[in-house]
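K.L.:
Pasting a structure here, questions to come.
Values quoted throughout were computed directly from the atomic coordinates according to the rules given, and no laboratory measurement underlies them. Here the structure is a predicted model, which is why all the values come from computation and not from measurement. Glycine also receives a Cβ, built like all others from the backbone with ideal geometry; neighbour counts cover every protein chain displayed.
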Amino acid sequence: MLQQRAKIQWLKGGDQCTKIFFRKVAMRRAAQRIFQIPDAHGNLLTEASAVEAEFVRFYEELLGGQRRTNHLNIGYLRPWARHIVSLEESEALTCQVTREEVKVALFDIHEDKAPGSDGYSSGFFKAAWPIIGDELTRAVQDFFISGKLLKQVNATLLSLIPKVAAPQGVTDFRPIACCNVVYKIITKVIVDCMQPIMGKVVSPSQNAFVPGRRISSNILLAQELFSGYNRQDQPLGVR
């Protein structure tokens, strides 16, 4: 009964400037705050700065904290490379990105997706497309021409979501990357350009994320192989 009354109260005045609203905000902030965390040696960290430093240290070791500037030379692989992409397909991959391609990639992003470090969601870019469409297209085209991406565009926020009800360590949080919309548009344009040839350049054994293939095919194949291992009256493929 009390739970039903609480729901009714929240529906009636949850978004109004009342004590109930601010109490809910305070409770949510307290639930989202990380008060303590053990470090790599098991020492319990309670200071806010120490907790923050431990998360930064963990993800710098996991993802890398320094920018890599060295370029790999893969020229020695060319004699053994298979030319499975035709000249027409290669030219289609390197042609200039059009305004329509940028628009399709933008409007394919769901409006409820979390914004990146700049705070602008895809809904803002969609609403302002008649005004910023040309500038946004030039920004995307500049990346494909120069091969360089501004660090402000490449900046990504990591939102830590608890994996369990009571997290006990850094590894109990799942990092969710919140990328900027311009970054998402660039990646979607690349995917849309490569999608027609993915079936040719990706091995037939790779069934995930390829149009016309399903990962369930590999699952069924694995089940068939393991079910046959227990049969003693038939020769085994692997011992």
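K.L.:
State the extension gain, in nm to one decimal, for the chain segment bounded by residue 131 and residue 144, taking 0.36 nm per residue of separation less the distance between their alpha-carbons.
P.N.:
2.4 nm
K.L.:
Same structure, new question: Across the Cα atoms of region 116-182, what radius of gyration and what greatest pairwise Cα-Cα distance (Dmax) are found, in Å?
P.N.:
Final numbers for Rg and Dmax: 16.5, 49 Å.
K.L.:
Relative to the longest principal Cα axis of the chain, at what angle does helix 48-63 sit, 0 to 90 degrees, rounded to 10?
P.N.:
It is inclined by approximately 10 degrees.
K.L.:
For residue 161 paired with residue 227, estimate the spin-label separation in nm (one decimal), with each label point 7 Å from Cα along the Cα-to-Cβ line.
P.N.:
So the two model labels end up 3.4 nm from each other.
K.L.:
Please give the FRET efficiency for residue 60 paired with residue 31, using the beta carbon to beta carbon distance and R0 = 25 Å, rounded to the nearest 0.05.
P.N.:
0.40
K.L.:
Please name which of 45, 26, 8 has its Cα lying farthest along the dipole of region 8-64 towards the positive end, using unit charges on Cβ (Lys, Arg +1; Asp, Glu -1) and the Cα centre as origin.
P.N.:
8
K.L.:
May I pose another question? Who wins for biggest fluctuation among 128, 105, 31 in a Gaussian network model of the chain, springs between alpha carbons below 10 Å?
P.N.:
Among 128, 105, 31, the largest GNM mean-square fluctuation belongs to 31.
K.L.:
Show me, for region 162-176, the HN-Hα J-couplings you get by feeding each phi into the Karplus relation (A = 6.51, B = -1.76, C = 1.60, θ = phi - 60°), rounded to Hz, glycine and proline as x.
P.N.:
x, 7, 10, 5, 10, x, 10, x, 4, 6, 7, 10, 9, x, 10
K.L.:
Taking a ≥ b ≥ c as the square roots of the Cα gyration tensor eigenvalues, with a/c under 1.5 meaning rounded and otherwise prolate when a/b beats b/c, else oblate, which class fits region 8-64?
P.N.:
It comes out prolate by the Cα gyration axes.
K.L.:
Could you work out [θ]222 nm for the chain from helices alone, using -39500 (n - 2.57) per DSSP H run of at least four and dividing by all its residues? Round to the nearest 500 deg cm²/dmol. Walk me through the numbers on the way to the answer.
P.N.:
On the way: 11 runs with 119 residues, N = 239.
Only helices count here, giving -15000 deg cm²/dmol.
K.L.:
What does the C-alpha gyration tensor say about the overall shape of the chain? Classify as rounded when a/c is under 1.5, otherwise prolate if a/b is larger than b/c, or oblate.
P.N.:
oblate
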